[in-house]
Amino acid sequence: MMHRRPPPACVLITGASGGIGAALARAYAAPGTTLILQGRDAGRLGEVRRACEDRGARADVWVRDLADLDGLPAAVDALAQRHRIDLAIVNAGVTHHIGAAGEGECWADIEWVMAINARAAMATVSGLLPSMRRRGAGQIALISSLSAWYGLALTPAYCASKAAIKAYGESLGGWLAPQGIGVTVVLPGFVSSAMSDRFPGPRPFLVTADQAARSIRRGLERGRARIAFPRPLALGMWCLAVLPAGISRWILGLLGYAGR
């Protein structure tokens, strides 16, 4: 049974300088709320901070490149000791694709995608858990992707990283629920953003970042274990996962998602 959660007093958002992260920061900005906003770009992060403060929130920025994994769990743990983080939205992510002529992804690009999308997300959670487990309270949202259900030929490393986060979040949810910690895996479809604009294929059912933020916040308030949207695309990707792989690959080829 789902129980509506009270509004969080302190929210950590990684990847808050643009796209879904910035939209979520604005969505949670309100008087009495503290936001901790992580990003790599200090200038863009400052703009988001000012927008949140204009809505009455207290906003602190944390400028860090999450690709630098050394000491990341300890840094997050120190942050969690200074702030009672009620909700952590682990959103930071990057993408890459096989290239316009199907050149493929070089190892350095694969390492970069996996480092930020998967390893940094896990390191962030690792740093959060000691304080949340001591309190027996807290909520973690891991931003995955609908492509975690079935990998797209155009973006192999990205799909792999998001599948890893989906499995990780589902596993954590089963472990941590008895301890009073909620874990939600978020599976968005195509969301209008600078990162999404680089996707080399069709983007059906495209939603705005603000629409995505509203869907995510509504699901988190209801304590959902999984938030997947938009529904038509979520259903389609789920079907690809359960169909025979050869049929799924054929369908994706017809729709323009085959590699060159």
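The values are calculated or read from the model by the stated rules, or taken from the named source; none is laboratory data. Just so we're clear, the structure is a prediction, and the values are computed from it rather than from any experiment. FYI the Cβ positions are ideal-geometry reconstructions off the backbone, even for glycines, and counts take in every protein chain you see. These area figures cover heavy atoms from the full protein model, side chains too; ligands, DNA and RNA do not enter into them. Shrake-Rupley method; radii C 1.70, N 1.55, O 1.52, S 1.80 Å.
One table, with the values for the structure above:
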read-out: Per DSSP, loop chymotrypsin sites (Phe, Trp or Tyr not before Pro) in segment 37-140 with at most 10 further Cβ within 10 Å; value: none
read-out: Solvent-accessible area per residue, Å², over the chain with all protein chains present [probe radius 1.4 Å]; value: 46
read-out: Relative packing of 10-20, 113-123, 245-255, which averages over residues the other C-beta atoms within 10 Å, highest first; value: 10-20, 113-123, 245-255
read-out: Sparse-neighbour loop sites [trypsin sites (Lys or Arg not before Pro); segment 154-223; at most 14 other C-beta within 10 Å; DSSP]; value: Arg198, Arg222
read-out: Label corresponding to P(r) over Cα pairs in 10 Å bins from 0, in percent when calculated from the structure given, among [x] 7, 27, 31, 23, 11, 2; [y] 7, 25, 26, 17, 12, 8, 4, 1; [z] 7, 31, 37, 19, 5, 0; value: [z]
read-out: Fraction in percent of alpha-carbon pairs per bin - 5 Å, segment 211-260; value: 4, 18, 20, 19, 12, 11, 12, 4, 0
read-out: nm² value of the averaged projected area, convex hull over the Cα atoms of segment 34-187; value: 9.9
read-out: Translational diffusion of segment 1-108, µm² s⁻¹ [Kirkwood Rh, Cα pairs; Stokes-Einstein; 4 °C; 1.567 mPa s]; value: 86
read-out: Relative contact order (percent, whole number), the chain, Cα cutoff 8 Å, 6+ residue spacing; value: 20
read-out: Helix axis angle, 120-135 relative to the chain longest principal axis, alpha carbon, degrees; value: 40
read-out: Descending Cα extents along the principal axes, segment 131-255, whole Å; value: 50, 32, 23
read-out: Accessible-area composition of segment 170-260, carbon plus sulfur, in percent [1.4 Å probe]; value: 60
read-out: When segment 74-129 is reduced to its Cα atoms, the Kirkwood hydrodynamic radius in Å; value: 13.0
